[in-house]
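Down below is the structure, laid out as structure tokens.
Every number in this text was worked out from the coordinates using simple rules, so none of it is lab data. In this text, all values refer to a predicted model and were calculated from it rather than measured experimentally. Here the Cβ is made from the backbone with ideal geometry for all residues, glycine too, and neighbour counts use every protein chain on show.
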Amino acid sequence: MLLEKTLQTIIDRKPDPVEKEPILSALTAGPRDLWARIRRDKFGVGVNKESLSSIENALEIIYLDDKETCYDENDTSKYNEEYARALHGYGYQLWCDKPSVYFFSKNGRFLSNAEHSCVDAMCLVHIREYIKYHEKFSNPYNPDGHCRGEIEAIPTAERLIFNLDDETKDAIEEAYKVSKEVADNFENASIVFRDFGKDFIKKAKVSPDAFIQMALQMAYYKVGKVGYMKSGKSSFPFSKKMSGKMFFIAMWH
């Protein structure tokens with residue numbers, strides 16, 4: 001309840017961003033040498049240093065969206081748009097120096113982005129499973145949809161302040177052009193597979209993870225025709241030598 005009320009005060013607050021502030025996080029998604037220089041020269045003192053420190057020491061980054069999203073098993077384009085956004089954030093909605101970012105849409109849809117070179121991807125999976133389990137079995141909401149509980153006082157969320165001079169604004173715009181180009185160049189597609197799920201795989205006494213690994217190996221072989229991949233990762237990029245295009249296969253299981 002306390003967190004809900006605090007977030008609501010942020011939503012109700014009138015936006016007052018300075019120029020280029022809405023796409024500030026593009027600095028973390030653009031050229032790394034550009035961000036390293038601007039971070040050193042422009043975010044090393046004063047209010048910029050304080051605000052950056054608050055972001056970098058935060059447990060999570062939460063993006064509250066004013067758009068509504070949905071999942072429709074008969075129209076996979078809606079889901080394609082959702083998970084494409086979770087991957088690239090349109091070039092400015094991800095603080096890419098943080099290991100995870102959470103998106104919440106206006107109608108309550110939850111997306112997340114996790115960079116797992118520092119920890120295994122299953123950490124995020126466990127977090128999401130924990131949330132879904134308690135939403136279903138712990139009855140955390142009132143009939144009106146608000147969180148249960150009583151609060152005595154609502155803490156005031158502090159507005160982070162940035163002092164962006166012309167050089168910093170130019171750097172933000174330069175980074176955004178790069179990150180937006182990457183986002184605009186992204187293509188994805190999905191299908192709704194109804195033939196069977198992991199229960200069937202378990203009945204066959206095969207590890208669901210191993211089953212998916214074999215499926216990815218076969219997909220890689222059929223599309224690439226260059227032999228089997230050596231990595232055991234469950235998501236991987238590969239290129240077709242004839243077309244020069246880069247493909248990315250990812251599977252949640």
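Can you give the net charge of the other residues whose Cβ lies under 10 Å from the Cβ of E68, counting K and R as +1 and D and E as -1? Once all neighbours under 10 Å are counted, the net charge is +1.
Applying 0.36 nm per residue to the separation of N74 and S54 and subtracting their alpha-carbon distance, the gain on full extension is 3.0 nm. Here the stretch 24-101 yields Rg over Rh of 1.09, to two decimals, using C-alpha coordinates and the Kirkwood radius.
R0 = 30 Å: FRET efficiency of R32 with M122, Cβ-based, nearest 0.05? According to the calculation, E is roughly 0.65.
For the set K49/K180; K20/K177; K14/K180; K78/K198; K5/K106; K132/K205, the pairs lying more than 21 angstrom apart at their alpha carbons are K49/K180; K14/K180; K78/K198; K132/K205. Sequentially through the stretch 122-134, phi angles give Karplus couplings (6.51, -1.76, 1.60; θ = phi - 60°) of 5, 4, 5, 4, 5, 4, 5, 5, 4, 4, 5, 4, 6 Hz, Gly and Pro residues having no value and appearing as x. Give the percent of DSSP beta bridges with both residues in the chain that are antiparallel, rounded to the nearest 5. Of the beta bridges lying entirely in the chain, close to 75 percent run antiparallel. Using R₀ = 51 Å, calculate the FRET efficiency as 1/(1 + (r/R₀)^6) where r is the Cβ-Cβ separation of K222 and N107; round to 0.05. Efficiency computed from Cβ-Cβ geometry: 0.85.
Applying the criteria of a DSSP loop state and at most 13 other Cβ atoms within 10 Å to the chymotrypsin sites (Phe, Trp or Tyr not before Pro) of the stretch 192-225 yields F193, F196. Scaled to the globular estimate 2.2 N^0.38 Å, the Cα spread of the stretch 151-198, given as radius of gyration, is 2.27. Distance from the Cα centroid of the stretch 194-212 to that of the stretch 66-145 is 25 Å (rounded to whole angstrom). Restricting the stretch 27-83 to GluC sites (Glu not before Pro) that sit in a DSSP loop and have at most 10 other Cβ atoms within 10 Å of their own Cβ leaves E68, E73.
The trypsin sites (Lys or Arg not before Pro) of the stretch 42-130 that DSSP puts in a loop, and whose beta carbon has at most 12 other beta carbons within 10 Å, are K67, K106. Annotation: Cα Rg of the chain relative to the compact-globule expectation 2.2 N^0.38 Å equals 1.18. Build a GNM of the chain with springs between Cα atoms under 10 Å: which of T156, T69, T168 gets the top mean-square fluctuation? Maximum among the listed residues: T156.
Around R32, with a cut-off of 11 angstrom between Cβ atoms, what is the net charge of the other residues, counting Lys and Arg +1 and Asp and Glu -1? Neighbourhood net charge equals 0.
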